[in-house]
Amino acid sequence: MSSACTHSSICYTSSPHARTAGFQRPDKGERLAAAEPTEALLPEEEYMFDNPETFPPPLILPGDDLAEDPEYPPQSYRQWFRDEDRNPVTGKRRTVYVVPAPLVGDEVSFMKSWSMPRDVGETPRVHTPKLLDIRDYLAAFYRGLPVKTLTQSPLEFMSWEEPGKSKRSQRDPQYVGLKIAEECVGIRTRACPDRVYSRQLNLDDLLDAAISMLPKDAYALLLLTDHDLYEDDEDTFVCGRAYGGSRVAVVSNARYNPDLDALQSVDRLHAWPLSHCAQYMSTCCSTSEPKTDRQKKSHSAKAHASQKPSAQNESSPAPLDMAFAAVCSLVSLDWTQESLAALWLGRMCRTASHELGHCFGIDHCVYYACCMQGTGSIQEDTRQPPYICPVDQAKLLRATGTTEARRDRALLSFCERSELRETQFFAPFAAWLRAKSY
């Protein structure tokens, strides 16, 4: 599918499957009202953001989150602002902390093999995303608030002796310990159901541990991990989760490793923005595909989909068009260690920004294709955009105190770093940002 696709046209609508699944997107009036802080609306011509060439609707392919739960309720700005459970940013509590993945102590050195994927063939190993790069991206995404690395004593995994049982010597203990300052907490483990990794850590236990390390000046805290995660017995795996009310999130890099793309049926070439490729969407909706493992996080898209909406101002470049063109210029290039590393970094940045968004009280998005959409599979995850939609951006700007222009400039500056500007995740995002600000 990927090698044969010409990427010749862009679809600016949801896929045909959206209607089949029963998804009914909020209409234009509801979308405009959702981004407003008051009940009073300006005339529709004053609203420039509701343009599908900048912010198209959710794709909704078979098996996607909204296809499985098409009646997921929308969250408007006013609903977000009035939510009594939302944690406000204050002068004393405004820092976002990023915590590096825990070290692996000598007594549990076998855990190092847990973070290595099994049976990936002869594909060269790609370097794990750097903590400082993720932190810098989040500093741009959440412009207006300080984003820092937590500099307390490094976290470290160690052995955990269960009460009433002898010390385990085997390499697959039911618990491992996580040392946090002078405390050690137990983290459950289990064998990985699909055997992509040998063993997984329990996400809820790590989130509880993250709560215990929240500094007094923290608004939110993100804990990174190199290990595969699970939440309950029904999960195959989980990439990340947030306890929004507790202001903590955990994100794993394990499943985003590009070495696993073929094994996990990830169509690398149709990641955002080529997920809006009309040929790709038509193929996905016309073929019967087996249901993918869920990771626990309406018009026709036919040949006419490449036509521009009539509202488009022909004198200015369309952001989605520019992003599409930018990545099309790169798809013929061979994947290098550097470009794969940038792809892995981009995937981590998108999920990290999504999970931290929940800490700001932002719910899953149903208004537009948006980084705050829910995700039903690792395949859907790669199809979703890195940008935040107008409704959720209104919430974010209120929380962070910055402006849209300053935030866009900060993100563009990050995407234009020399090592990122010609890569398949950051080059189209930079093109989208430039055209949006045109």
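Once Lys and Arg get +1 and Asp and Glu get -1 on their Cβ, which of Val196, Val366, Cys349 lies farthest toward the positive end of the dipole of the chain? So the residue furthest toward the plus end is Cys349. Ellipticity at 222 nm from helices only: DSSP H runs of n ≥ 4 in the chain, each -39500 (n - 2.57), divided by the residue count, give -8500 deg cm²/dmol.
Computed from phi, the 3J(HN,Hα) profile of the stretch 250-260 under the Karplus parametrisation 6.51, -1.76, 1.60 (θ = phi - 60°) reads 10, 9, 9, 8, 4, 7, 8, 4, x, 4, 9 Hz, with x in place of Gly and Pro. Of Arg78, Arg255, Arg268, the residue with the largest accessible area leads and the full order is Arg268, Arg78, Arg255 (1.4 Å probe).
Overall, the stretch 95-260 carries a charge dipole of about 360 debye about its Cα centre when +1 sits on the Cβ of Lys and Arg and -1 on the Cβ of Asp and Glu, all other atoms neutral.
Rg/Rh, computed from the Cα trace of the chain with Rh as the Kirkwood radius, has the value 0.96. Shape descriptor for the stretch 95-260: Rg over Rh equals 0.96 (Cα atoms; Rh from the Kirkwood inverse mean 1/r). Phi angles across the stretch 61-73 convert, under the Karplus curve 6.51 cos²θ - 1.76 cosθ + 1.60 with θ = phi - 60°, into 3J(HN,Hα) values of 8, x, x, 5, 4, 6, 6, 7, 9, x, 9, 4, x Hz, Gly and Pro given as x.
What do the square roots of 5 times the Cα gyration tensor eigenvalues come to for the stretch 81-127, in whole Å, largest first, as semi-axes of the equivalent ellipsoid? Show your work: numbers first, answer last.
Values: eigenvalues 320, 58, 26 Å².
The three semi-axes for the stretch 81-127 are 40, 17, 11 Å.
Antiparallel versus total DSSP beta bridges in the chain: what percent is that, nearest 5?
On the way: 18 of 35 bridges.
About 50 percent, rounded to the nearest 5.
Take the alpha-carbon centre of the stretch 350-379, take the same for the stretch 64-100, and report the distance between them in whole Å. Between the Cα centres of the stretch 350-379 and the stretch 64-100 lies a distance of 9 Å.
Placing His127, His270 in order of accessible area, with the largest value first and a 1.4 Å probe, yields His127, His270.
The values are calculated or read from the model by the stated rules, or taken from the named source; none is laboratory data. Here the structure is a predicted model, which is why all the values come from computation and not from measurement. In this analysis, Cβ positions are derived from the backbone assuming ideal geometry, glycine residues included, and neighbour counts consider all displayed protein chains. Protein only, heavy atoms only, side chains kept; ligands, DNA and RNA dropped before computing areas. Shrake-Rupley method; radii C 1.70, N 1.55, O 1.52, S 1.80 Å.
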